[in-house]
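Visitor: Here it is: the structure, laid out below.
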Amino acid sequence: MLLAARGDLLSPLPTDISALASRASAPPSISRALDSLNLWEIQILEALVALPEPITIESIIAATSEDAKLVIEKLISLALVFPDEDQIRVLKAIHDSVGNEPTGLGPVLGLLSSKAIKKISDAPKNAQTVLERLTWGPPRGSVSDIKKPGVAIKWLLDNDLLLAVNSKTVVLPREIGIHLRGGKIHRELQNKPTDYRGREFTQSEIDKSAVGAIITLLHQIEELMKLWAGEPPAILRSGGIGVREVKKAADGLGVDENYLIFIAELSYICGLVTVDREEELLPTSTFDLWLNSTHDERWQLIVNGWLTTSRVSGLVGKSEARYISALGPEIDRAAAANLRALFLKLVAEISPCAPDLSALSQRVRWERPRRGVGLHTDIANWSSREAEWLGITGRGAISSFGSAILAGKDDSGLSKALPKEIDHILIQADNTAIAPGPLRLDLAQELSLIANVESKGGATVYRFSENSIRRGLDNGRSSDEINKFLTKISKTSIPQPLSYLIADVGKRHGKLRVGIGWSSYIRCEDESVVNAILADRRTAHLQLRKIAPQVLFTEIDTAEAVNTLIEAGFLPAIEGRDGALVTRKRSAARAISKTRPPRVIGDYEIPRDELLTAALRALRAGDRASAKRSGVPTTVASATPSETMAALTVAIKSKETLVIGYADSDGGVSQRIIDPIQVMAGVLVAYDHGNDEVLRFPVSRINGIALVE
Amino acid sequence: MSEGPLIVQSDKTLLLEIDHVLADECRKAIAPFAELERSPEHIHTYRLTNLGLWNARAAGHDAEAVIDILLRYSRYSVPHTLLVDIAETMDRYGRLRLEAHPVHGLILTSTDAAVLEEVLRAKKIAPMFGPRIDPETVVVFASERGRLKQSLLRLGWPAEDMAGYVDGEAHPISLVEKDWKLRTYQKMAAEGFWHGGSGVIVLPCGAGKTMVGAAAMALAKATTLILVTNTVAARQWRNELLLKTSLTEDEIGEYSGTKKEIKPVTIATYQVLTTKKGGVYAHLDLFDSHDWGLIIYDEVHLLPAPVFRFTADIQSRRRLGLTATLVREDGMEGEVFSLIGPKRYDVPWKEIEAQGYIAPAECIEVRVNLTDAERLLYATSEPEHRYRTCATTLTKTKVAKFIAEKHQGEQVLVIGQYLDQLAILGETLGVPVITGDTPIKDRESLFQLFRDGEVKTLVVSKVANFSIDLPEATIAIQVSGAFGSRQEEAQRLGRILRPKSDGRGARFYTLVARDTIDQDFAQNRQRFLTEQGYSYQIIDADDILSGDNKLGS
């Protein structure tokens, strides 16, 4: 139970129960546990700290409300408070973390208090006013000089209703404060969470909207990667990419900047893009793998990246004082994943309703008052926006794919909801081809080789041009093959201008050839073409020389020569050393550096059952070990390596049990009870009683050794 | 997933499959808010623009209705972000309203003080405002009404103009439907305009835009100022009006370079309005000379900049724009919309063709080769002369002559851009040439001879691009043009689209020099027509000259 609720206790695994107990009461772990409480539970804890001892269930109920009982049970199960006969005791670390003046109550007065309380009704009017001012905290008030107090203050001091802290400060004692608060601790009890239910939708309305979002998302990520492969954005010296790159890409994709930042972050988190050679951003080979997986797999990878990341893309550009850049180092927020998960859980709870966003953000704050302070509203708003973009929600409410993925199912059901693949296109007289639905991947790839994509979405619009046909030819297709392919997949006959275009480009392709190398030659059997190139001023910078009637020579390299010729309106093809045409494969730029997705800063996950069982077994083994080691020396005398080696050799021979001081990789020294088996190449192989298994210990890390008697 | 006819793309285009049973219903439903961009044979493309959505709001459609239509007809799911975007865009309309105030005159008011504040802070429009009356109201100088609306549109806060129109001086005008009847689409167009107050009607060439104008005048029954491109067009308007309305010669005046008459219905040319005398536009006073109830802009896509500016000043009068192609190569379509008014009516060319009101046309692109010498010349020519060099190749003259002879007996127009090229063509073909230098009188008599069938072939320059009514011309041969102008191509095709007495189809040849910039321009020029559903056939000039291709005759 405890381990399940406080996952941080598992790493590293404590050796036995007493180690667990001491870890559980250490401030860092306590602080983590407090972070997971809601506002109501925090109030109860505050009340427990504020009320004078002894505290019983009854007294806490009196100071708060009847339902405090359930909370107390939870706090006990979290090992934050513990029952001691009929009293409830609070860990000291909690007192420290709540502070000296819980909920604005002053120090404990003690025995004098009951007498003092009786005096309150006699207080003169001015004194009453002072008391009222201090009732709800802060409990301290300033006076000009404690030696010459005013009449009211003097009266209060005399009757122990105020205490002097120093020469200028007085304080209202805790018992008096509680009395004045009517025996309560809080002005308002937060035991009723906000209802955030909004408009209701049908599941099919929700899913329909979500599918649209998912298709857009996957498509836009693909487009962004392709865009960046062509024009990789430079990395700023401070990390991340600049405003201008964001604007450029957003314009290029025709999307909102916030959306662009979001999908850019996702691509980065999921390793589809990485910082290459520390200077620019490039897609990775992971992107190619991703592209070749199913829609469902693609989507799940992205969603999982979002669910776990500590990066908050909404922060980009938010601060006016300092620009926080996209993909930069400054957008991690430790609480992000936790609050995001909470957000989704809350939305899922009211399915098929969409939440009322402002009520929901209040609810998020209520659930986790100590996490991400100041970020609650933002994270709720951003999560809502992002979940919608991701299709986890549709029209605000959780989609069936979203709930499947949150439940950890392998199949989100997305493939069934996606529109069916089609295997045909319609070609029209304006040189466009339309695939009125998602085109089969192989057809889409082939088609995009010979036509440019003009518009994407539910359908795809392609446009044919001289350049696009030429690209097909450069990639080794013949005009016949292109014609056949189009005839095969087009439901409509191919318009005459298009077949003319294909034939025309095919006829001319390869007539003009550029030879490969650092310098290039250009040859064409048609001399007038050669003369035209030579005469054209746009090719002047190639400094062409005519070396034969049909051949030109330039010292410029092939790529440059080819580009210049294309710009001038010629149709060059590249010729290899053997005289055959070289097909130019479209090779998209990819990162050379290893993919380094940003690391996740954040919380311990809720441990899975297998892990818990294993942990319990280890703890019990540890207990057995400590039970056995009645004669274990509490500290192990330090030993030099040679002493250690000598002791080990003896112990191996006589099969004795040893206790060693062992420095683990974190630098901490722990004591292990072992049965040494052998020493090889500076490493001790031994049975470890604590872990109940044979482990290897580098001898250099053993800093002490002793026999167990 | 429903099997609707509409596919909503994430880039805000709508694809409508026209063979679908629901296509017609869907087209009618989306027409009020989506702009028809392309209408080729199978799938029409519409686009959602801010302007279109605001116009829909102005016409009384709210965001919910628009979203509902998209969801109802959409085949696939519609991206939620798009729906949100539509709702947000439409919500911006009408936050600001221009109203007539009994005391302060023209005012701008808003229910949302923050929006008004934002607008008032914009530097460009601050000078258009008078004193602030209260947090939600500010006085606007009446003369700035048009400019203000334009600027607000650019700021993304289009104002709803509630200030109304002046009626102008009443004048009885009615249609005289004796041996003809107003066509259904003409009637719908005129009524669409009248209900909208002001706006633009888009109809193909030859579909009878003049009659839409006349019908609008008959609805307004007020003095009318008609602005046309040139004198020949002015006379044509006059003749049509005399023939088909109750107007008499005394009621129609011409205001052009030669005559300066101002009558209850006055037809003026753009040219005379933009003529400067001593650095000022001398004739812009025409707008104020009369209490016009209606102003008609013929070929509104050609509206010259000074008239633009003036139109901004006359926002309280009803304005009707007429055009076949609302594409401006200068990208000022938006200005036309905000100054004249939104598009009120639009039909694909092919639909009018199907109804038989314009002749079916075949478009043929003939690829001609440059001679070796011309090729060398082309390669060495300066960029600014490049197009001229290839577009005027002598081969074109040869091919044009061949085609003209092929169509002997039919009425042929040879259209080109360059005067020397036209002169050579006239000489080679042995026919008259009409250019900007030809006196109006000679022009009119030549056109009349052509109409009467006495002259079978004419060589014309761009003066014949617009508004010239040549009903029996069936063949056009285009040899050169104003670079890649899409609307010029469409207008030229329009010259031969009048339905022929014998129901014959028209043929539009365009001669293009192979492997040159001419070919690139041709592709751009053809775009508008192919998007309207016309299909070009490409043939080689060599095949025609050698007789391999008989041109289908």
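The values are calculated or read from the model by the stated rules, or taken from the named source; none is laboratory data. Keep in mind that this is a model prediction, so the values were computed, not measured. With ideal geometry, Cβ positions are generated from the backbone for all residues, glycine too; neighbour counts draw on all protein chains shown.
Visitor: Exactly one of these conditions fails for A:Arg577: (1) more than 10 Å from chain B (Cβ to nearest Cβ); (2) under 21 Å from B:Arg375 (Cα atoms); (3) charged (D, E, K, R). Give me its number.
Guide: So the condition that A:Arg577 fails would be (2).
Visitor: Within region B:167-222, how many residues are crowded, with 17+ Cβ neighbours inside 10 Å, touching a strand residue (DSSP E or B) at 6+ places or on another chain (Cβ under 7 Å) and β-branched (Val, Ile, Thr)?
Guide: Going through region B:167-222 one residue at a time, the tally reaches 5.
Visitor: Filter region B:50-80 down to residues that are among the β-branched types (Val, Ile, Thr) and within 27 Å of B:Ser338 (Cβ to Cβ) and give me whichever is surrounded by the most Cβ atoms within 10 Å (Cβ to Cβ).
Guide: Only one residue fits best here, namely B:Val66.
Visitor: Among the residues of region A:533-559, write down those that are assigned to a helix (DSSP H, G or I), touching a residue at least 12 places away in the same chain (Cβ under 8 Å) and either in contact with a helix residue (DSSP H, G or I) (Cβ under 7 Å, 6 or more places away or on another chain) or away from chain B (no Cβ under 14 Å) (or both).
Guide: First, pick out the residues of region A:533-559 that are assigned to a helix (DSSP H, G or I): A:533-535, A:537-542, A:558-559.
With touching a residue at least 12 places away in the same chain (Cβ under 8 Å) added as a condition, the list becomes A:533-534, A:538-539, A:541-542, A:558.
Answer for region A:533-559, where residues must be assigned to a helix (DSSP H, G or I), touching a residue at least 12 places away in the same chain (Cβ under 8 Å) and either in contact with a helix residue (DSSP H, G or I) (Cβ under 7 Å, 6 or more places away or on another chain) or away from chain B (no Cβ under 14 Å) (or both): A:Ile533, A:Arg538, A:Thr539, A:His541, A:Leu542, A:Thr558.
Visitor: Also, I was wondering about something else. Please specify each residue of region A:459-508 satisfying the condition of being over 29 Å from B:Leu16 (Cβ atoms) and either part of a loop (DSSP other than H, G, I, E, B) or touching a residue at least 40 places away in the same chain (Cβ under 8 Å) (or both).
Guide: Passing the criteria: A:Arg470, A:Arg471, A:Leu473, A:Asp474, A:Asn475, A:Gly476, A:Arg477, A:Ser478, A:Val505, A:Arg508.
Visitor: Let me ask another. Can you tell me which of (1) crowded, with 18+ Cβ neighbours inside 10 Å; (2) free of Cβ contacts under 8 Å to residues at least 24 places away in the same chain; (3) closer than 30 Å to A:Arg32 by Cβ is the one A:Glu188 doesn't meet?
Guide: Condition not satisfied by A:Glu188: (1).
So that you can scan it fast, the table gives a plain yes or no per residue for (1) closer than 30 Å to B:Ile18 by Cβ; (2) in contact with a helix residue (DSSP H, G or I) (Cβ under 7 Å, 6 or more places away or on another chain):
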site	(1), (2)
B:Leu71	yes, no
B:Ser74	yes, no
B:Ser77	yes, yes
B:Ile107	no, no
B:Ile125	no, yes
B:Phe129	no, yes
B:Ile133	no, no
B:Leu152	no, yes
B:Pro158	no, yes
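Visitor: Next question. Of all residues in region A:475-511, count the ones that are away from every other protein chain (no Cβ under 11 Å), more than 18 Å from A:Ala444 (Cα to Cα) and of a type in the set (Asp, Glu).
Guide: So the count comes out to 1.
Visitor: Taking region B:143-181 as the search range and keeping residues that are of a type in the set (A, V, I, L, M, F, W, C) and under 17 Å from B:Leu241 (Cβ atoms), which one is modelled with the lowest pLDDT?
Guide: So, considering only residues that are of a type in the set (A, V, I, L, M, F, W, C) and under 17 Å from B:Leu241 (Cβ atoms), the one modelled with the lowest pLDDT is B:Trp180.
Visitor: For region A:226-262, what are the residues that are within 14 Å of chain B (Cβ to nearest Cβ) and β-branched (Val, Ile, Thr)?
Guide: Answer for region A:226-262, where residues must be within 14 Å of chain B (Cβ to nearest Cβ) and β-branched (Val, Ile, Thr): just A:Val255.
Visitor: Given the criterion more than 9 Å from every other protein chain (Cβ to nearest Cβ) and outside any helix (DSSP H, G or I), identify the matching residue among A:Ala433, A:Ala444.
Guide: Answer to the check: A:Ala433.
Visitor: Taking region B:348-395 on its own, how many of its residues are among the small types (Gly, Ala, Ser), within 14 Å of another protein chain (Cβ to nearest Cβ) and farther than 25 Å from B:Leu16 by Cα? Before the answer, list the steps.
Guide: Taking region B:348-395 first, the residues among the small types (Gly, Ala, Ser) are B:354, B:356, B:359, B:361, B:373, B:379, B:381, B:391.
Those still in the list that are within 14 Å of another protein chain (Cβ to nearest Cβ) too: B:361, B:373, B:379, B:381.
The next check asks that each one be farther than 25 Å from B:Leu16 by Cα; those that pass are B:373, B:379, B:381.
The total comes to 3.
Visitor: With respect to A:Gly602, determine if the residue is part of a loop (DSSP other than H, G, I, E, B), modelled with pLDDT of 70 or more, small (Gly, Ala, Ser) and on the phi > 0 side of the Ramachandran plot. Spell out the reasoning first.
Guide: Working: part of a loop (DSSP other than H, G, I, E, B): yes; modelled with pLDDT of 70 or more: no; small (Gly, Ala, Ser): yes; on the phi > 0 side of the Ramachandran plot: yes.
Answer is no for this residue.
Visitor: While we're looking at this one, here's another question. If the Cβ limit is 8 Å and pairs must be 6+ apart or interchain, which residue in region B:328-345 that is modelled with pLDDT of 70 or more pairs with which residue that is part of a helix (DSSP H, G or I) and of a type in the set (Val, Ile, Thr)?
Guide: B:Val336/B:Val300; B:Leu339/B:Thr311; B:Ile340/B:Val300; B:Ile340/B:Thr311
Visitor: Let me ask another. Name the pairs whose Cβ atoms lie under 6 Å apart, with the first residue in region B:531-543 and more than 7 Å from chain A (Cβ to nearest Cβ), the second part of a helix (DSSP H, G or I) and among the hydrophobic types (A, V, I, L, M, F, W, C), and 6 or more positions between them or separate chains?
Guide: Close Cβ pairs satisfying both conditions: B:Gln532/B:Trp349; B:Ala541/B:Val399.
Visitor: Here are some residues: B:Ala23, B:Ala100. Which one is more than 10 Å from chain A (Cβ to nearest Cβ), within 25 Å of B:Gly341 (Cβ to Cβ) and among the aliphatic types (A, V, I, L, M)?
Guide: None of the others qualify; the one that does is B:Ala100.
Visitor: Moving on. Can you find a residue in region A:200-223 that is within 30 Å of A:Thr64 (Cβ to Cβ) and touching a residue at least 12 places away in the same chain (Cβ under 8 Å)? Quick ask: steps written out before the conclusion?
Guide: Initially, region A:200-223 is screened for residues within 30 Å of A:Thr64 (Cβ to Cβ), giving none.
So far as region A:200-223 goes, no, none of its residues is within 30 Å of A:Thr64 (Cβ to Cβ) and touching a residue at least 12 places away in the same chain (Cβ under 8 Å).
Visitor: Name the single residue, out of those in region B:498-525 being more than 22 Å from B:Val460 (Cα to Cα) and outside any helix (DSSP H, G or I), that is farthest from the other protein chains (Cβ to nearest Cβ).
Guide: B:Ser501
Visitor: Would you be able to say whether some residue in region B:466-489 is within 14 Å of chain A (Cβ to nearest Cβ) and surrounded by 23 or more Cβ atoms within 10 Å (Cβ to Cβ)? Steps first, please.
Guide: Residues of region B:466-489 within 14 Å of chain A (Cβ to nearest Cβ): B:486, B:489.
Adding the requirement that they be surrounded by 23 or more Cβ atoms within 10 Å (Cβ to Cβ) leaves B:489.
Looking for residues that are within 14 Å of chain A (Cβ to nearest Cβ) and surrounded by 23 or more Cβ atoms within 10 Å (Cβ to Cβ), one finds at least one in region B:466-489, hence yes.
Visitor: While we're looking at this one, here's another question. I'm told B:Phe528 meets every condition in (1) under 18 Å from B:Glu41 (Cβ atoms); (2) at the interface with chain A (Cβ under 9 Å from one of its Cβ atoms) except one. Can you identify the failing condition by its number?
Guide: The one condition B:Phe528 does not meet is (2).
Visitor: Within region A:159-214, take every residue that is touching a strand residue (DSSP E or B) at 6+ places or on another chain (Cβ under 9 Å) and among the charged types (D, E, K, R) and give me the one that is farthest from the other protein chains (Cβ to nearest Cβ). Steps first, answer last, please.
Guide: To start, the set of residues in region A:159-214 that are touching a strand residue (DSSP E or B) at 6+ places or on another chain (Cβ under 9 Å) comprises A:162-165, A:168-173, A:196-201, A:203, A:205-213.
Subset that is among the charged types (D, E, K, R): A:168, A:197, A:199-200, A:205, A:207-208.
On the way: A:Lys168: 48, A:Arg197: 20, A:Arg199: 14, A:Glu200: 17, A:Glu205: 9, A:Asp207: 8, A:Lys208: 4 Å.
Per the stated criteria, the residue is A:Lys168.
Visitor: Check every one of the strands (runs of 3 or more DSSP E) wholly within region B:127-182 and list those with 2 or more residues that are without any contact (Cβ under 8 Å) to a residue 24 or more places away in the chain, hydrophobic (A, V, I, L, M, F, W, C) and in the same structural domain as B:His101 (by TED's automatic domain parsing).
Guide: The strands (runs of 3 or more DSSP E) meeting that bar number zero.
Visitor: Under 26 Å from A:Leu10 (Cβ atoms), among the small types (Gly, Ala, Ser) and at pLDDT below 80, is that true of A:Ala621?
Guide: Answer is yes for this residue.
Visitor: Hey, can you tell me all the residues within region A:93-117 that are of a type in the set (S, T, N, Q) and out of contact with any His (no Cβ under 7 Å at 6 or more places or on another chain)? Walk me through how you get there before you give the answer.
Guide: Step one: list which residues in region A:93-117 are of a type in the set (S, T, N, Q), which gives A:97, A:100, A:103, A:113-114.
Answer for region A:93-117, where residues must be of a type in the set (S, T, N, Q) and out of contact with any His (no Cβ under 7 Å at 6 or more places or on another chain): A:Ser97, A:Asn100, A:Ser113, A:Ser114.
Each row is one residue, and each column tells you yes or no for (1) hydroxyl-bearing (Ser, Thr, Tyr); (2) within 14 Å of another protein chain (Cβ to nearest Cβ).
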residue	(1), (2)
B:Pro5	no, yes
B:Pro32	no, no
B:Ser39	yes, yes
B:Asn55	no, no
B:Leu71	no, yes
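Visitor: Something else: Inspect all residues belonging to region A:146-159 and state whether any of them is within 24 Å of A:Arg187 (Cα to Cα), surrounded by fewer than 19 Cβ atoms within 10 Å (Cβ to Cβ) and in contact with a helix residue (DSSP H, G or I) (Cβ under 9 Å, 6 or more places away or on another chain).
Guide: no
Visitor: Among the helices (runs of 4 or more DSSP H) contained in region A:5-60, which hold 2 or more residues that are closer than 30 Å to A:Arg620 by Cα? Before the answer, list the steps.
Guide: Working: elements: A:17-24, A:27-35, A:39-50.
It comes to A:17-24, A:27-35.
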